[in-house]
Amino acid sequence: DLIYKSKRKFYFSLTSFLDDKIEKLIEYKMKKYTNSFSKFKIQNRKLRIKLTELLMYKNPSNKYQYEFLKFSSNITEKISALSMLIEHNTSIEEAEKIFIEWEKNDMLLNKWYSVIGSKSLPGEASKTVEELSNKKNFNWKNPNRFRSLIASFAYNNLAGFHNIDGSGYDLVISWILKMDNHNPQIAASLCTC
């Protein structure tokens, strides 16, 4: 909890210190935007994403995350925008729209589950993961789908998994027991968390 809170406080302080320079730089990078795979364009995208992630700590309802979602044809930006929405709990409706958009593509749907599992707010994470595991298209017997949600939560959402109330441990233990009857290897690998 201390690491999680300190990280958020640090990023908020950094963003406050940089003030409007972040938005000006994002705007500048947006003007140069093209969806290209050249090294320069990839670096440009990465910088824009990082700057927007920083801005989220001070202004979670900034327009840039939505621009990534609406105008980008680049999946990296869409996944980054989804991550920002979930980590800062700004728009569940947008996350649901992405779910509907990606529902027919297994690889993208696994990414969606992975982002939700790893980025959900610590106090709500285990409840969110449990609810998502009851969705009709969450086939827990599919190893990739299982890893995308349950393992992402256990390995990547440290503040949620290690929540002081023990709900993260309870959730993962119940899944280990359930999975052990179906796929002992995956259950064993989940034990390492």
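One table, with the values for the structure above:
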| quantity | calculated |
| --- | --- |
| Coarse-grained scattering of region 48-193 at q = 0.11, 0.18, 0.21 Å⁻¹, given as base-10 log I(q)/I(0) from a Debye sum over alpha-carbon atoms | -0.41, -1.02, -1.28 |
| Net charge over other residues, Cβ less than 11 angstrom from the Cβ of Val115 (K, R count +1; D, E count -1) | +2 |
| Cβ-based net charge around Ser167, under 12 Å, with every Lys or Arg adding one and every Asp or Glu removing one | -3 |
| Residue with peak Gaussian network fluctuation, the chain [Cα springs, cutoff 10 Å], from Asn181, Asn139, Asn156 | Asn181 |
| Radius of gyration and maximum dimension Dmax of region 115-193, Cα, Å | 11.3, 30 |
| Nearest 10 degrees, 0 to 90: helix 106-119 Cα axis against the chain principal axis | 90 |
| Normalised per residue, the volume of the convex hull around the Cα set of region 1-117 (Å³) | 111 |
| Vicinal HN-Hα couplings computed from phi for region 79-95 (Karplus, 6.51 cos²θ - 1.76 cosθ + 1.60; Hz; Gly/Pro x) | 5, 4, 5, 4, 4, 5, 4, 6, 4, 10, 6, 9, 7, 5, 4, 5, 4 |
| Within the chain, helix-based [θ] at 222 nm, where runs of 4 or more DSSP H residues each add -39,500 (n - 2.57), nearest 500 | -22000 deg cm²/dmol |
| Whole-number D in µm²/s for region 1-44 (Stokes-Einstein; Kirkwood sum over Cα pairs; 10 °C, 1.306 mPa s) | 126 |
| Lys24-His182 pseudo-label distance in nm [points 7 Å out on the Cα-to-Cβ vector] | 5.4 |
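Only the coordinates and a few stated rules stand behind these numbers; no lab work does. If you're wondering where the values come from, they're calculated on a predicted model, not measured in any experiment. Methodologically, a virtual Cβ is constructed for each residue, glycine included, from the backbone with ideal geometry; neighbour enumeration extends over all protein chains shown.
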